[in-house]
Amino acid sequence: MARFPVWDPFIRLFHWSLVLLFAANSFVIDPDSALHAPIGYAIVALIALRLVWGLIGSPYARFSSFPISQSAILSQIRDIALSRRAAHCGHSPLGSVMICNLLFCILALGGSGYLASLSGGAVFPWAEDLHEFLVAWVQFSIVIHIGAVFFESRRIGVDLIRAMMTGFKEIPRYRAKE
Ligand code: HEM
Ligand code: HEM
């Protein structure tokens, strides 16, 4: 096993705070309660910080290190189809696409919530429908995200959830991809 430091403390704190706050606003707190909007804005603030960290943060946190290209995505799909065990030190190409989807759509969720809240929904009557659609889309994406984390952990033999807790990926001794 080789041990790579990949997720810095900010990324880990960001991830698990986002999980807690998102779950709270989706499933626990009543949308009509006074807590709903502040929690939503806290989520937006977390993501805004993550976007800054994507420019100045540690190497694997930077968006410039996300391996998003047609060839990298096709290569990962080929690896999956052929059950090839090739791990990425940072985010994988498909993982990076999912992260962009989640970050962007959760930001839009906060924005649509703000628009829906103006004068009790009288200013932008469509915003509440958009907010509800984005809630459903982000929840669907999260189900895929969690399923993919378990699937990829098994396929490549790396405990990805543990890595998001400890910061270290423990990769078996086969060739690791950047
Ligand atoms: C509200 C639910 C969730 C949201 C919104 C979410 C969002 C995200 C985001 C934005 C990232 C990228 C981290 C970064 O670079 O900033 C990420 C990565 C990750 N998430 Fe989640 N996540 C959620 C739930 C979970 C859960 C429940 C698990 C564990 C079962 C999990 C495991 C992971 C792992 C292991 C990674 C790193 C993937 C990799 O190795 O590339 N996530 N998640
Ligand atoms: C970013 C995280 C957020 C999540 C996960 C979230 C989630 C939800 C959910 C699950 C609903 C109920 C939808 C339904 O009835 O089917 C809702 C409704 C609503 N949300 Fe959010 N929301 C978020 C942010 C915000 C923000 C920042 C605001 C701004 C004030 C906001 C304002 C509203 C309003 C006005 C409604 C309609 C209230 C009602 O059903 O009476 N949300 N939200």
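Legend: calculated FRET efficiency, HIS15 to TYR114, from the Cβ-Cβ distance at R0 = 25 Å, rounded to 0.05, equals 0.55.
One decimal place: the segment ILE144-GLU132 gains 2.4 nm when fully extended, by the rule 0.36 nm per residue minus the C-alpha distance. Between VAL6 and PHE168, LYS169, the built amide H atoms are under 5 Å apart, and every one of these is 5 or more places off in sequence or on another chain. If you plug the beta carbon distance of SER26 and SER65 into 1/(1 + (r/R0)^6) with R0 = 41 Å, you get a FRET efficiency near 0.85.
Amide H contacts of HIS88: LYS177, each under 5 Å away and 5 or more positions distant or on a separate chain (H built 1.01 Å from N in the peptide plane; Pro and chain starts excluded).
Sites counted here are trypsin sites (Lys or Arg not before Pro) in a DSSP loop (not H, G, I, E or B) having no more than 15 other Cβ atoms within 10 Å; the longest part of the chain that contains none of them is 86-172.
Taking the average, over residues, of other Cβ atoms within 10 Å as the packing measure, peptides 92-101, 133-142 rank 92-101, 133-142 from highest down. Rounded to the nearest whole Hz, the Karplus-based 3J(HN,Hα) values (6.51 cos²θ - 1.76 cosθ + 1.60, θ = phi - 60°) of the range 156-163 follow the sequence 9, x, 10, 7, 5, 5, 4, 4, with x at glycine and proline. Taking the charge dipole of the range 1-98 about its Cα centre, with +1 at Lys and Arg Cβ atoms and -1 at Asp and Glu Cβ atoms, the residue from GLY57, HIS15, SER26 reaching farthest to the positive side is GLY57.
Each reported figure results from applying straightforward, stated rules to the coordinates on display, with no laboratory input. What you are looking at is a predicted structure, and each value in this text was computed from that prediction instead of being measured. Cβ sites come from the backbone with ideal geometry, for glycine too, and all protein chains shown count toward neighbours.
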